Amino acid sequence: MTDMPAPVGSGRATGRAEPGPIHRDELMATLNRAAQKRVTIISSPAGTGKTSLLRAWADQPGQDGRIAFMTVRPSQHDMQLFWLTMLGAVRAAAGAREGGAQLPPVTPGSSGSGMVDKVLSELESCDRFVVVIDDLHELSSPEAAGQLTALLTRLPPRVRAIVATRRDLPLGLHKLRLAGDLAEIRAAQLRFTEHETRQLLAAAGIALPEHIAAMLHQRTEGWAAGLRLAVLSLAGHPDPERFVAEFSGTDRTVAEYLMAEMLERQPPEVQGLLLRTSVLDRVNGELADLLTGATGSGRILLDLEDANAFVVSLDPGRTWFRYHRMFSGLLRLELRRTMPADIAGLHQLAACWLAERGQAADAIGHLQAAGDWDEAARMLTDHALSLTLDGQAGTVVALLRSFPARTGADSPDLTLVRAIADQNQLRLDQTDAHLREVRAYAAIMPPAPRHRLQMAIASVDLLSARLRGHFDNIFEQAGALLCPGDGKKSADAALSSDLKAVALLNLGVTEAWSLRLADSERHLVEGAALACRIGRPYLEVACLAHLGFAATSHSFAMARQRCAEAIALAARHGWDAEPVTAPALAALANALIWTGQFDLAEHWLDRAKRATQADGEPGVRLLVCLTSAIIQAARGHDHRALEEFAAAGRIEALMVGEHGLTTRVNAWTIATQARLGMTGQARAALAVLDGRQASAGEIRNAAAVILLAEQDPAAARRELRVVLDGDVPVLSYLTRVEAHLLDALACRDLGDERASQEAAEQALNLAEPDRLILPFAMTGAWQLLEVLPRHGTSHAALVTDILDAIRGSGQGGPNQPGMRPVEELSRSELRVLRYLPTNLTRREIAAELSVSVHTVDSHIRRIYAKLGAADRTTAVERGRELRLLSVGRT
C-alpha cells in the first residue's frame, strides 16, 4: 500500500524485487468505520499511503454502494474544471449503477455555487453513494475551501464523502464535527505497526528475527515510504540483521541504490542543487539560487516534489521544502566526497542569508557548522534573549552545547547565554553566578553594548526573581525597566520594547499571585497588547495565560473567556502543551470547578499538570495543586484533597514571598483536617499561624469548621460572626459565601431550621451571579438544599444546578402552595428560564447552554404553557412570583 518515489524525468525504479501489497486490516477497519460518517478527512504527509489505502478500500470485496473516485490534479487553480471532473466521476458511477444508462453531457459555464448545486442535484437521486476526492491539497484556488465546504455540509442523506489531503484546508466543518458526522484519520493512524512491518518484510520474502524487525520499525517510525526503501535495500542483502542495525541514509547499500535510482538520473543542474542545498534542513528557491549560483531553483524543487523525489513541501504555498532524512543523509555524504572544500562556504552563505531575514537560530547553526565560532558566539549572545522571548530557550541551550569548551573562555559574553540556558533548566544558583560574571564584564564595555547587556541582565534577573517567588524584588525591578529611555538607537529601542513587555508580564504575574487582581489585569492587558504590536506571540500568550486568573476579579465567566483566548492563541503556534500555557489551563480548570463543571475541569486540569514543569514556576505549580485539591474536596475525597493541599503548602514554603493563595491553602488544609476528624492536627496548624494570618476571614471560617467537628455549633457561629459582619479582611466574596453556608450548618446543628434556611438563602444570593457550586460541595451544605422548601428560595434553578452537579439528577421543582404552575418545570426548562430576564437573544441563550436554537425555542414554549404566560416579560414576572427567579436578577 505504498509507492516508491520516482525521480524527475524517469520511469519507475526497477532491478530489485518489490513487495506486493499487504492487508492492513486494522487501518481498513478504521476507514470502514469512518466511512459511515457523512464526511471523512484523511490528512497526512506524503508517502504515508493515503492513495493506496483509498484504492484498497474501494476495491475490497463486498463494498456496499457506488464510488465516484477523483484525484485532484497538481496545483489545480481552475475550480470549474474541478467541479466538471467531479460531475463526470459522479455521473460515471451513477451510470454504472443504472447499467450504463445514457446521461446528458456535462457542459461548462456555471459559477462555483452553480456547479456545487449541479453536483448536489446529481447526488440527490443517489443511494449508498460515496464521493472520494484524493490529493485535495493540490487544489490551490482561493475559492476552493468555500465551495467545497458548501458541498460537504449539504450532502444528501444517503451520500458520503471521503477526502484525502497532505495538508488541512480551511473547511468549515465544525457543525459536522459537533453533530458527530465528521471522521478524521491522521498520520498516526497511517503509520505501519510492527506487525504490518513484518508483513511487508514477509511479502518481499525477507525473514528477520522479531527484535530486528522491531528495530527496523523503530528506525523508520512506521513511515510507509521509508519502510519500502528499507525492504528494497534488504532484498538479497547477505547480512540483513547488520543492515538493519546500521540502517541510515548513508549506508552503502542504500546510498548505492539512491545514487543509481535517484541522484544519477537527475540532470546535472538538479544534482548540483540537491548536493549544495543538502547542508540545509529546509530550503526555498531563493536560498537554493544563492547556494547554486543559478536561477530557477524554486521550479526544480516543485518538480521534484511533484515527482515524489524525496522532496516534501513544508507550507501551503509550496515555497519551503525539506528532503527525506535518508535522502538527505546520502546527499551530505556525496557532498563531502565530491566537494569538501565548498562545505564551509555553503554554510557561510546560508548563515548570512538567514541572518538577514531574522532567522537567527538557523544562522548560528550554520556558522557553527562552518567552524566560525567567534561570529557564532557573537550572534548567539546578541540573539539569546530574543530567542528566549520567542519561546526558543531550548534552542539556545542546544546551540550553546555545540560550542567547543574553549569558546567560553575566548568569548566571555557567552556567559550571558549560559545564564539564560541555566535559567531555562531551572538552575537558578548557576544563573546568579553567571550574571555576576556578566555584570563585571559589562562594566568594562563601551556605553552602547553595555546598555544592551545591562537590559538583558535585568530581564534574566527579573525572571529569576519570579521563579523564586521573590515578589518584592520584582516590584522594585519592574519599575526600573518600565521607565522610558531617551535617544536610543533603533535596535536598542526594539530591545527596550521587548524588555518593557517582559517587565509588564512579570509585574502582572506577581500582582496576580499577590491577589492585586485589578492591577494585574491592567498590566497583563498592556503587556499582551505590546507583545502583539512588536511581534512577540510567545510573550503575548504568556500574558494572556496569566490574565485568566486575574480576570476572576470580574467573574468566572470572564476568567473562562480569557483562558480560552490564551489557549487558542497558544494552539495556533503549537504551544498548547508547553509550560507557557499552564497558567491558563490551570485557571480554566479552577474556574470550571467553582461553577460545578467537575468533569470538564478535570480534563483541563490534567492538561495543566502535563504542561507544568516539575520544579517550574512556583506560583503556577501552587495553583495547579490547589485546583487539584479543591476538585478532590468537591467530590468528597477529603484524604486526597488533604494530600494536594499539603503539596501546595510545600510549594509555598519554597517561595521567598507569600503567595496570595497561601491563606486559602492554610484555611482549607485546616478545614479538611477537621472534616476528617483530625481536629488535634487542625488546631495545631491553626496555632502556628501569625496574628495577621489568623485574623483573616478564611482562617476564621476554618476555625468554625473545627468547632463544628467538635460539636460546638454555638461557638462556630460566634467565630463566623466577624466574617459575616465584615469585621475581618477576606480575599473575596467567596469567603462570605462559605461563611453563610457554615453558619447554616451550625444553625441546623442547633435545631434552628428557619435560621439555617435563611443563612443558606444568603449564600445562594451571593452565589447566584457567578452560579457558584463549589462552596456548597466543599462545606457539605448542599445537603441542606435537599430539604429546602421550594417556596423557601428565590434560586430554584441554581439549587437544581448545585444538586445535579454534586450528586447527579435530583428530584423536585417549584412547589409553593397557591402559586404552583399547571405542571412543574423540568431542570432543562429552569436553566432556560434563568436567562429570560437577560437581554440575550434565543440564539445567544442557545450558545450559552451549548444547545440548538430549536431546543431553546421548544423549552420556552413549554415554559410559557406551564407558567400561563403569553410572552417573555410575563414569563419572567410569573417566574419571580413563583420564586423560580431572584427578584433582583437581570
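The values are calculated or read from the model by the stated rules, or taken from the named source; none is laboratory data. Only a predicted model underlies this, so the values are computations on that prediction, with no experimental measurement involved. As a convention, Cβ positions derive from the backbone with ideal geometry for all residues, glycine included, and neighbour counts pool all protein chains shown. Just the protein is used for accessible areas: all its heavy atoms, side chains included, with ligands, DNA and RNA removed. Shrake-Rupley method; radii C 1.70, N 1.55, O 1.52, S 1.80 Å.
Positive end of the dipole of the chain (Cβ unit charges, origin at the Cα centre): among LEU31, GLN348, LEU151, the Cα lying farthest that way belongs to LEU151.
Could you let me know the centre-to-centre spacing of the stretch 111-144 and the stretch 329-359, using Cα atoms, in angstrom? Between the Cα centre of the stretch 111-144 and that of the stretch 329-359, the gap is 46 Å.
Rounded to the nearest 0.05, what FRET efficiency do ARG450 and HIS573 have when you use their Cβ-Cβ distance and R0 = 25 Å? It would help to have the intermediate numbers written out before the result.
On the way: r = 34 Å, r/R0 = 1.35.
Rounded to the nearest 0.05, the efficiency is 0.15.
Projecting each Cα onto the charge dipole of the chain (Lys/Arg +1, Asp/Glu -1 at the beta carbon, about the Cα centre), which of MET678, VAL853, THR510 comes out farthest on the positive side? The residue sitting most towards the positive pole is VAL853.
Computed from phi, the 3J(HN,Hα) profile of the stretch 335-352 under the Karplus parametrisation 6.51, -1.76, 1.60 (θ = phi - 60°) reads 4, 5, 6, 9, 9, x, 6, 8, 5, 4, x, 4, 5, 5, 4, 4, 4, 5 Hz, with x in place of Gly and Pro. D by Stokes-Einstein for the stretch 134-190, Kirkwood Rh over Cα pairs, 10 °C, 1.306 mPa s: 128 µm²/s. Angle, helix 556-572 long axis vs. longest principal axis of the chain, Cα atoms, 0 to 90°, nearest 10? It works out to around 10 degrees.
Annotation: PHE310 carries an accessible surface of approximately 10 Å², with a 1.4 Å probe and no ligand, DNA or RNA atoms counted.
Relative to the dominant Cα principal axis of the chain, helix 853-867 is inclined by about 20°.
Accessible area, 1.4 Å probe, largest first: how do MET655, MET678 sort?
Values: MET655 15, MET678 45 Å².
The residues order as MET678, MET655, largest area first.
Amide H contacts of ALA164: ILE42, ILE133, ASP134, ASP135, LEU136, each under 5 Å away and 5 or more positions distant or on a separate chain (H built 1.01 Å from N in the peptide plane; Pro and chain starts excluded).
In this Cβ point-charge picture (+1 for Lys and Arg, -1 for Asp and Glu), the chain has a dipole of about 1380 debye about its Cα centre.
For the stretch 540-596 versus the stretch 861-877, the spacing of their alpha-carbon centroids is 38 Å. Which entry in (i) 47.3; (ii) 73.2; (iii) 62.0 matches mean projected area of the Cα convex hull in nm² derived from the coordinates of this structure? Matching the structure shown: (i).
DSSP assigns beta bridges within the chain; of those with both partners inside it, close to 20 percent run antiparallel.
At 0.36 nm per residue, minus the direct Cα-Cα distance, what do GLN681 and GLU758 gain on full extension? Give it in nm, one decimal, please. Write down the numbers at each step before the final one.
On the way: separation 77, 0.36 × 77 = 27.72 nm, distance 3.24 nm.
Between GLN681 and GLU758, full extension yields 24.5 nm more.
How much of the accessible area of the chain, probe 1.4 Å, is carbon plus sulfur, in whole percent?
Details: 19150 of 38240 Å².
Exposed carbon and sulfur together represent 50 percent of the surface.
A full extension of the chain between LEU426 and GLN218 corresponds to an added length of 71.6 nm, given 0.36 nm per residue minus the alpha carbon distance. How many lysine pairs does the chain hold where the Cα atoms are under 24 Å apart and the two sit 8 or more places apart or on different chains? The result is 6. At a probe radius of 1.4 angstrom, the accessible area of the chain per residue rounds to 43 square angstrom.
According to the Kirkwood relation over distinct C-alpha pairs, the hydrodynamic radius of the stretch 703-751 is 10.6 Å.
Determine the calculated [θ] at 222 nm for the chain from helices alone, applying -39500 (n - 2.57) to every DSSP H run no shorter than 4 residues and normalising by the residue count; nearest 500 deg cm²/dmol. -19000 deg cm²/dmol, from helical runs alone. Once the C-beta distance of ALA694 and VAL656 is scaled by a Förster radius of 22 Å, the resulting FRET efficiency is 0.50 to the nearest 0.05.
Of the peptides 849-856, 666-673, 298-305, how do they stack up when ordered by the mean number of other Cβ atoms within 10 Å, highest first?
On the way: 849-856: 14.2, 666-673: 25.9, 298-305: 18.5.
In descending order of packing, they fall as 666-673, 298-305, 849-856.
A straight chain from GLN613 to ASP289 at 0.36 nm per residue would run longer than the Cα-Cα distance by 112.3 nm. To the nearest ten degrees, helix 872-881 and the longest principal axis of the Cα atoms of the chain are 40 degrees apart.
Tell me the relative contact order for the chain as a rounded percent, counting alpha carbon contacts under 8 Å between residues six or more apart. It would help to have the intermediate numbers written out before the result.
Values: 1318 pairs, mean separation 54.0, N = 890.
Once divided by the residue count of the chain, the mean separation gives 6 percent.
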